[in-house]
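The values are calculated or read from the model by the stated rules, or taken from the named source; none is laboratory data. Small disclaimer: the values here were computed from a predicted structure and weren't measured. Note that each Cβ is placed from the backbone with ideal geometry, even for glycine, and that neighbours are counted across all protein chains shown.
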Amino acid sequence: MSSVSPQQLTHAVAEGVVTVVIDHPAKRNAMTDAMWASLPPLLDRLAADPEVRVLVLTGAGDTFCAGADISTLREGAAQGLAVAAEDALAAFPKPTLAVVRGYCVGGGSQLAAACDLRFAADGALFGVTPAKLGIVYPASSTRRLAALVGPATAKYLLFSGELIGSERALRTGLVDEVLSEDGLDKRVAEFTRTLATRSQLTQAASKEFVTGRTDRDAHWAEQAGAGGESAEGIAAFLERRAPRFEWTVGA
């Protein structure tokens with residue numbers, strides 16, 4: 001575990017899974033300017049770490065993230081820092097999973113939407129609240145939200161600033177699974193353990209293609225041939241054993 005101090009992002013790695021924790025309990029894990037600014041370099045380090053195969057983002061205690069610390073909004077820099085952090089999370093080359101309990105509001109929703117997948121505890125609450133503050137939601141964040149939930153639901157959230165529950169979030173595609181509080185950690189552990197055993201090559205290429213980048217087919221075909229991933233996967237299937245995938249991001 002990295003050193004822990006108030007208003008920080010902390011992280012720990014276990015069995016290929018790094019868990020990044022938004023830790024600002026005094027303000028329901030609201031993100032300060034310093035926290036926004038610290039996320040991109042942290043992600044750069046974790047992307048380059050061969051021990052990291054999956055990233056989990058969650059909040060300390062019973063809240064994911066209540067947004068940006070309002071006191072920092074008066075300084076004018078928070079939105080630019082938030083967008084940079086969100087973009088860095090979306091560009092992280094390994095699978096990312098937001099694990100949401102309690103409030104996931106404003107900047108918290110931006111961070112959750114920037115992850116590849118989202119699992120939520122029953123009773124979690126989601127909201128996109130710039131209309132309550134007279135803030136223009138960033139274009140990149142708006143497009144990412146609309147890609148997840150569709151134009152109508154994106155407008156509902158953005159226009160009203162109202163909170164929606166976990167079941168509605170599931171129906172609209174904002175989250176992928178809703179679990180009981182007791183079952184959430186077990187499911188996350190099982191799922192991330194599965195992701196960590198899968199081919200990073202497949203995951204990295206799929207992530208690019210799903211997000212709309214389609215100009216690197218030749219690159220990924222070359223990587224697949226050079227790395228021997230498909231040969232290993234087929235051999236493992238025929239031999240009825242777990243595959244030993246060795247290709248890593250950045251190798």
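Count of the stretch 11-22 residues, restricted to those that are at pLDDT below 95 and within 16 Å of ALA98 (Cβ to Cβ), is 1.
Tallying residues that are in a helix (DSSP H, G or I) and not small (Gly, Ala, Ser) within the stretch 132-155 yields 10.
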